[in-house]
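Here it is: the structure, laid out below.
What follows is calculated from the coordinates using simple rules that are stated; it is not laboratory data. Remember, it's a predicted structure, so these values are computed and weren't measured experimentally. Note that each Cβ is placed from the backbone with ideal geometry, even for glycine, and that neighbours are counted across all protein chains shown.
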Ligand code: 13P
Ligand code: SF4
């Protein structure tokens, strides 16, 4: 079959009409075996994708799985920077992303040239970048972190170390407060986490006085200030399982509610409302992936994520540093 790569470039995916009677779950499971492919999915993916995945996790867990896998093909049900990280860590594997246009507002908020100019103005600063950034930004960084290991990374450095933290100003501000540091923050934010409405959340808390508010550190300070618990997606999930509480207001992307509800079927999870007319907060990038696109990308092995080797090597160094520190801190599964 001749694949029209121009169409993939335009659409972000290979647009093939599928027979509606096709059992996509069975077909994807067959393709996994036939092609020795592993499907890695982030917690923000739609429920069907999570249910068909071999591994569901947060950014740290997914990076670790991508680095370790023996599969020939890594199918990354997540966003572009996550698939890039998989390729950086395991370059001999074919890395597929169901929709190449699944980007990230945080990654977009740090363009390479502007960030390089900012970094050059502060040559005595170490650069720590949140994993939600492009390979170009990773290549300009000294250490990468995720929301699961950011504190451990900072604790491994002298308290007086000058640091630039990019691209998430909310996570950076939270870390500054928590660790007593004064990191210089890049002015980026996640479009999903910065849109929560403080007023609507307060009203929800009044209506559900027993509920705990759990929030991702990408949320704005005002929301974090009233949260009962703050953590990465994996940390929020574990907290909801272990905490002796039956009701949670969840201030992060709604995809995580699927796993929370599966692991704690008798508890109630309420998505924190955004500052618009919707009742919940979906990431438009994460939600570009669908079960159909997942099947098509596995069947035709497109779109594939490729990367310049010089860039890959430069971007790998700070990720390796992150993985080493995480290992010492006992944060890797
Ligand atoms: P974690 O899964 O690492 O908590 O990250 C959340 C996120 O915004 C991913 O895009
Ligand atoms: Fe990026 Fe935010 Fe979407 Fe995560 S939820 S992919 S940080 S835009």
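Have a look at the chain and give its Rg and Dmax from the Cα atoms, expressed in angstrom.
Final numbers for Rg and Dmax: 19.8, 62 Å.
Mind telling me which of 215, 107, 152 comes out most flexible in a GNM of the chain, alpha-carbon contacts under 10 Å?
Between 215, 107, 152, it is 152 that shows the largest mean-square fluctuation.
Something else: Which of 161, 212, 45 moves the most in a Gaussian network model of the chain with Cα springs under 10 Å?
161
Mind sorting 190, 280 by how few other Cβ atoms lie within 10 Å of their own Cβ, fewest first? Display every interim value, and only then the final one.
On the way: 190 24, 280 13.
The fewest-first ordering by Cβ neighbours comes to 280, 190.
OK, next. Of 220, 309, how do they rank once you tally other Cβ atoms within 10 Å and put the fewest first?
On the way: 220 19, 309 8.
So the residues, fewest neighbours to most, are 309, 220.
Here's something else I'd like to know. Starting from the Cα gyration tensor of segment 130-196, take the square roots of the eigenvalues, sort them a ≥ b ≥ c, and report rounded, prolate or oblate (rounded when a/c is under 1.5, otherwise prolate if a/b is larger than b/c, else oblate). Show your work: numbers first, answer last.
Numbers: a/c = 1.75, a/b = 1.21, b/c = 1.45.
In terms of gyration-tensor shape, oblate.
Now, a different point. Test of understanding: in a Gaussian network model of the chain with alpha carbons linked when under 10 Å, which of 274, 98, 20 would top the mean-square fluctuation ranking?
Among 274, 98, 20, the largest mean-square fluctuation in the Gaussian network model of the chain belongs to 20.
Additional query: What would the Debye equation give as log₁₀ I(q)/I(0) for segment 8-104 at q = 0.11 Å⁻¹, counting only Cα atoms as equal point scatterers?
Each listed q corresponds, in turn, to -0.31.
In what order do 21, 310 fall by count of nearby beta-carbon atoms within 10 Å, going from fewest to most?
Working: 21 5, 310 9.
Lowest to highest Cβ neighbour count: 21, 310.
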